Every structure is written in structure tokens, then in C-alpha cells.
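In what follows, a structure is listed as C-alpha cells, so that the remarks can point back to it.
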Amino acid sequence: MAAMRKALPRRLVGLASLRATVSCSVICHPDWSAVAQSQLTATSASQVSTSSMGTLPKRVKIVEVGPRDGLQNEKNIVSTPVKIKLIDMLSEAGLSVIETTSFVSPKWVPQMGDHTEVLKGIQKFPGINYPVLTPNLKGFEAAVAAGAKEVVIFGAASELFTKKNINCSIEESFQRFDAILKAAQSANISVRGYVSCALGCPYEGKISPAKVAEVTKKFYSMGCYEISLGDTIGVGTPGIMKDMLSAVMQEVPLAALAVHCHDTYGQALANTLMALQMGVSVVDSSVAGLGGCPYAQGASGNLATEDLVYMLEGLGIHTGVNLQKLLEAGNFICQALNRKTSSKVAQATCKL
Amino acid sequence: MGNVPSAVKHCLSYQQLLREHLWIGDSVAGALDPAQETSQLSGLPEFVKIVEVGPRDGLQNEKVIVPTDIKIEFINRLSQTGLSVIEVTSFVSSRWVPQVAAGATEISVFGAASESFSKKNINCSIEESMGKFEEVVKSARHMNIPARGYVSCALGCPYEGSITPQKVTEVSKRLYGMGCYEISLGDTIGVGTPGSMKRMLESVMKEIPPGALAVHCHDTYGQALANILTALQVVWFVFQMGINVVDSAVSGLGGCPYAKGASGNVATEDLIYMLNGLGLNTGVNLYKVMEAGDFICKAVNKTTNSKVAQASFNA
């Protein structure tokens with residue numbers, strides 16, 4: 001399309017409307033209505049519900065990662081009672097899975113130093129799962145001793161990320177995880193797996209969908225009941241999400257898959273929508289969009305649970321979440337962290 | 001995320017990441033590098049025209065009044081990004097003729113799909129407003145000045161709540177029929193979600209060819225990009241041709257007069273990021289847009305609403 005540019009005068013005169021316009025002719029089809037009608041009728045006859053998007057799931061399970069992934073990446077440390085209160089408020093908001101804490105050494109992640117106290121201190125509502133991160137066997141044992149019924153292990157689809165993060169190769173990391181999975185099996189503890197860098201790596205750049213599929217398949221075959229595919233640095237866009245999921249779905253059943261989108265470049269909700277269109281029905285998110293990104297100073301963090309719930313409710317998808325109570329939980333933790341929310345829904349509904 | 005204390009400083013810079021993921025090539029090029037593989041989502045238009053409304057819709061809703069010379073500098077910077085349409089100031093009144101004399105190349109008329117909104121906003125009913133617009137548009141066309149039509153409240157109204165797709169279609173059809181070359185369907189208060197976007201578009205597309213349609217999504221509830229993606233997909237699937245015009249505002253300028261504290265337009269930077277990632281050409285240089293965004297945010301003393309800018313400038 002050729003652009004007709006008008007040289008802009010140095011002063012705006014009054015309220016002149018100046019536009020550099022694209023020359024574009026109006027498409028005028030005299031029988032447009034008939035054409036349109038036939039197209040739309042043909043579409044609705046062949047599809048029960050939606051069009052190119054595929055059929056969206058009727059229910060979505062939201063895995064709330066705010067207390068762990070969110071808080072872990074916040075600069076300000078919050079006290080144990082605040083963490084416990086946050087998790088209790090999230091339980092009351094109707095979330096069915098709340099990632100509670102991480103059994104990692106406080107030397108590495110000071111925010112998670114009170115993991116045992118938090119896990120022991122929260123109200124454990126029936127029907128709600130409270131998984132905890134266990135980076136190694138030692139952490140796993142401590143978690144079980146503190147009452148954990150579900151643990152989470154962290155892998156990556158990138159060799160460099162694995163090396164820099166946990167100082168070993170992907171293959172070696174699986175040997176470590178194997179120990180945890182075997183112990184979990186004996187103790188009847190469920191294990192969820194994370195695959196970081198599923199849509200891109202801060203060190204390697206692009207990540208091949210085949211690699212993500214390989215790592216996911218390994219986790220699944222080792223005994224993880226669910227694998228969350230993480231866009232760790234939020235670089236993904238819907239096409240990349242689609243390609244990645246297409247590869248993974250060939251190796252692992254859809255029902256065992258979840259997506260975990262970071263909103264570093266504002267793409268999280270669009271990427272999540274694409275995943276839903278592909279049939280994924282488990283989505284990770286964080287109340288108030290807590291967290292940041294250690295790879296991009298000043299960047300935002302996880303997809304905000306409030307904004308996710310807003311979209312799902314608008315789509316008529318059942319979540320079981322009470323948005324009002326969720327907003328209250330978000331408001332509470334933001335005050336405790338002395339920060340503004342990253343949730344647009346919360347921003348729009350706040351009383352100034 | 002695991003434990004990443006000291007490793008972070010060795011990671012790729014944001015420029016490298018943007019280059020890799022968006023196949024932008026060097027910082028001068030706006031177009032995709034055809035030599036690179038793209039992860040193009042099939043069934044989408046190849047080219048998307050972005051209508052930059054920052055100087056108008058964006059600044060209009062900012063609390064700080066921007067001095068004229070800053071506005072001019074802002075627009076000049078935007079003109080160098082590859083954006084082919086930059087909306088400066090648009091309004092309709094009996095005084096439009098002097099504006100044409102002053103050098104206007106296009107006019108816009110603002111309708112609404114809600115009677116209450118129309119009454120409160122321009123103090124007349126939809127029908128009355130259409131009568132006024134008709135006069136203006138016909139005169140403009142007579143002078144070979146194109147007219148763009150806007151339909152506010154396409155996905156919801158701050159006064160009436162839900163708006164039926166049929167009403168949006170009716171208003172759009174009137175504007176199209178009187179000679180507007182393009183109709184921008186606006187989610188004025190950002191309440192829409194992909195389902196309501198799809199239903200509204202399916203209704204409007206029965207009467208208006210997709211080539212004459214644009215979407216204008218506000219990000220008040222964080223739904224803008226998901227709604228835009230839906231718009232791109234829906235239309236393509238049904239007609240094998242795209243809605244390929246999207247309105248946005250650099251830095252996500254603007255707020256929402258109906259929801260205090262809420263955010264405004266979808267950010268042009270974040271939109272370009274998604275479109276480029278989808279393998280769609282926009283002709284726009286993301287880096288230059290980010291620089292223009294940085295300029296205007298400093299000028300109005302506000303933090304950007306663009307996540308891409310947030311992730312990049314503070315790195």
C-alpha cells in the first residue's frame with residue numbers, strides 16, 4: 001500500500017486534522033451481504049462452537065503461583081504471617097491449586113527461607129492442592145517432613161539455562177529428578193514438572209519445539225502427572241506457542257499439559273488464549289501479576305490471575321474462582337510489598 | 001523459575017532477543033528478514049496496517065496537557081518509524097472546513113453503538129448523529145477527502161452495559177453507506193473478551209467487507225492483545241481475507257475516563273511485538289517506536305504502559 005505523506009507544518013493551526021494517510025480504496029461489493037451470509041452459514045454448519053480457534057475447554061484449572069514464583073521474584077521480602085495470610089485468602093477465592101513455597105536454600109532465594117513455617121502455617125482446605133518446589137532430594141525430604149502432599153520439579157528445554165541455573169546438563173538433571181520421583185512414588189506424593197524456556201531462552205535464544213517435546217516426554221514417562229510449559233522470559237508469541245504445543249502434544253496427552261506464561265513483553269494472555277485454542281485446560285498465573293524477570297530489569301512478571309479470570313469468565317469458561325475475593329488477595333499482597341498491582345483488572349477496579 | 005543469582009549478567013541483551021524472536025533484523029529495518037524462518041501462524045493476513053492514535057486518543061486521555069511543540073516533535077518522531085497512519089486530532093463539527101483549508105488530509109467521524117453514550121458524549125441520539133455525519137462525510141468526499149468512521153462501545157458501554165452485535169452492525173453499516181472508507185470498531189472501555197469480539201465481528205462482517213474494517217482495542221482489563229488476535233483469526237477463517245487494520249497508541253498512552261486508574265489504549269510496541277512474532281509485516285520499526293514512546297513518556301512524566309518498553313529500557 002503506498003503511503004501518501006503530507007509534510008507536517010511546524011505549527012499546528014487550530015485543531016487541524018493532519019493525517020499521513022494510506023491510499024486505500026473502499027472495497028465495495030454490491031452483493032456483500034449475500035457473500036457474507038453464505039460464508040458464515042457454511043462455517044456455523046460445520047463447527048459446533050467456534051471458528052478457526054478450535055473448541056475451547058469448558059473448564060480451566062488455574063494453578064496460582066503467586067506465593068512462590070511471584071514472591072520469589074519480588075525485591076521486598078514479606079514476613080511469614082503475610083505469606084500465610086495471602087495463601088489463605090487465595091484458598092478462599094476458590095483457587096484449587098496454590099503453589100505455596102519452595103524448599104530451596106535461603107542462601108539462593110531468601111524470600112523462600114521460611115518454607116517450612118509457611119507450609120505448616122497455612123489452612124489446608126479440602127479439595128485444594130498446595131504443591132511446593134523441591135529442587136533436589138534434600139528439599140524433597142524436608143518438604144515431606146513438613147507435610148507436603150505434592151511437589152514440583154524444575155527442568156528446562158535449554159542446555160545453557162540448565163547449566164547456568166543448576167550447574168549440570170539436562171541429562172544430568174534428569175538423574176537428579178529420578179531420585180526425587182522414585183522417593184515420591186514410594187511416599188505416594190504427586191509430582192508436577194516444569195519445563196522452563198519452552199518458548200525461548202535468555203542464553204540460547206530460540207528453542208526448538210522438538211527439544212521441548214523431548215524434555216516434556218521424559219518428565220511424563222518418569223511419573224510427573226502434569227507438566228507445565230513455561231515461557232520463562234515471556235518472549236513467546238501465539239505462533240511460537242502453537243508450534244511448541246503441536247510438537248509436545250504428539251508425545252504427551254493434552255490433559256497432562258499446562259502453560260505458564262510470563263508477561264514480560266505483554267504477550268501472556270494472547271499466548272494463553274492460543275494454548276486454550278489448542279485444547280490446553282490448565283493455566284498457571286500469579287495474583288496481581290507478581291514477580292519480575294531477573295533477565296530484564298524492570299520488566300513485569302507472571303500473567304495476572306485477575307486478568308486471566310476476566311478473560312475466561314468472558315468466554316464462559318468455568319474457573320471456580322471468585323474474582324472479587326481474588327482482587328482482595330491481590331490488593332493485600334501489593335500493600336504488603338509496597339508495590340502497585342500488575343493486573344489491569346485490578347487497576348481498573350481500584351478506588352482512587 | 002529456579003535459582004539464578006549470578007548467571008543473569010551473561011544472558012542475551014534485549015536487542016538480541018528481539019532480533020532473534022521477532023526476526024526484525026537490524027535496528028534500521030522495519031520489515032521482516034525473509035531469509036529468516038518465521039513461525040507464521042497460518043490463516044492470517046500477511047500485512048497489518050497499524051493506525052497510531054497516540055497523539056489523539058492517547059494524549060486526549062492523559063492528565064498532563066502537552067505543549068504544542070512537544071506534540072509536534074512526538075508526531076515527527078512517529079513519522080519516522082514507518083507508521084503510515086498517525087492520527088493527530090480528529091473531531092467533527094461545523095468548523096471542519098477551516099481545518100481542510102489548514103491542510104487536513106482526512107477526517108474522522110465518531111459514532112457509537114449505544115444511545116446513552118451518544119447522548120452523553122455528543123448530546124444527541126444515534127440517528128441525529130448519523131444525520132450530521134452524513135452531511136460532513138458527503139461534503140468531504142465531494143472534496144476528495146477520505147472519511148474514517150469510528151463506532152464506540154462496540155463491545156460494551158459504560159452506561160448501558162452489554163451492546164448487541166446487531167446494533168454495532170447497524171451503526172457501522174450507516175457509516176459505511178454514507179462513504180466512510182474504513183470503520184474502526186472500538187472497545188471503548190476495554191471490557192470485551194475474545195468471545196464477544198468474535199460475535200460482534202461475525203455480525204458486522206455480514207454487512208461490511210473485512211477490508212474496510214479495523215479494530216480499536218483498549219487495554220483497560222488487559223484483554224486487548226487477546227482480542228486483537230481473535231479479530232485477526234476470525235475474519236481470516238471465514239473470508240480468507242483479513243481484518244488487517246489495528247489501532248494502537250505508542251506507550252499505551254491514555255487512560256479511561258470511565259475507570260479511574262485504568263490503563264488506556266493497547267500499546268503499539270506490544271502490538272508490533274505480537275504481529276512480528278506471528279510473522280506478519282507491519283512496515284514499522286519497533287526500536288524507533290520505542291524511542292518515540294520513551295520521548296513522550298518523559299515529556300508527560302509518566303511510566304510507559306508498554307511491557308516491551310518496560311522490559312527493554314531498564315535492562
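Every number in this text was worked out from the coordinates using simple rules, so none of it is lab data. Just so it is clear, the structure is predicted and the values come from calculations on it, not from any experiment. Cβ atoms come from the backbone with ideal geometry, glycine included; neighbour counts cover every protein chain shown.
Numbers below:
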item: Inter-part distance where region A:121-171 and region B:263-308 are each reduced to a Cα centre, Å; result: 37 Å
item: For region A:81-199, the fraction of alpha-carbon pairs in successive 10 Å shells from zero, as %; result: 13, 42, 34, 10, 0
item: Overall Cα dimensions of region A:191-331 - principal axes, largest extent first, Å; result: 40, 34, 28
item: Dimensions (Å) - region B:117-197, Cα atoms, principal axes, largest first; result: 39, 26, 18
item: Segment B:Lys298-B:Thr68, length gained on full extension (0.36 nm per residue, minus Cα span); result: 81.3 nm
item: Rg/Rg_globular for region A:266-329, with Rg_globular taken as 2.2 N^0.38 Å and Rg from C-alpha atoms; result: 1.16
item: Net dipole in debye of region A:181-275 [+1 Lys, Arg Cβ; -1 Asp, Glu Cβ; about Cα centre; nearest 20]; result: 220 debye
item: Linear extension gain, A:Leu254 paired with A:Lys138, 0.36 nm per residue minus alpha-carbon span; result: 38.6 nm
item: Rounded to the nearest 20 debye, dipole of region B:141-250 from Cβ charges on Lys, Arg, Asp, Glu; result: 260 debye
item: Globularity index of region A:88-132, i.e. its alpha-carbon radius of gyration over 2.2 N^0.38 Å; result: 1.21
item: Evaluated over region B:182-313, the Cα radius of gyration and Dmax, each in Å; result: 14.9, 44
item: Dipole axis of region A:48-162 (+1 Lys, Arg; -1 Asp, Glu on Cβ), positive-most option in A:Gly66, A:Val132, A:Ile122; result: A:Ile122
item: Å³ per residue enclosed by the Cα convex hull of region A:161-257; result: 90 Å³
item: Label point 7 Å beyond Cα of A:Glu92 along Cβ direction - residues of region A:119-138 with amide nitrogen under 13 Å; result: A:123
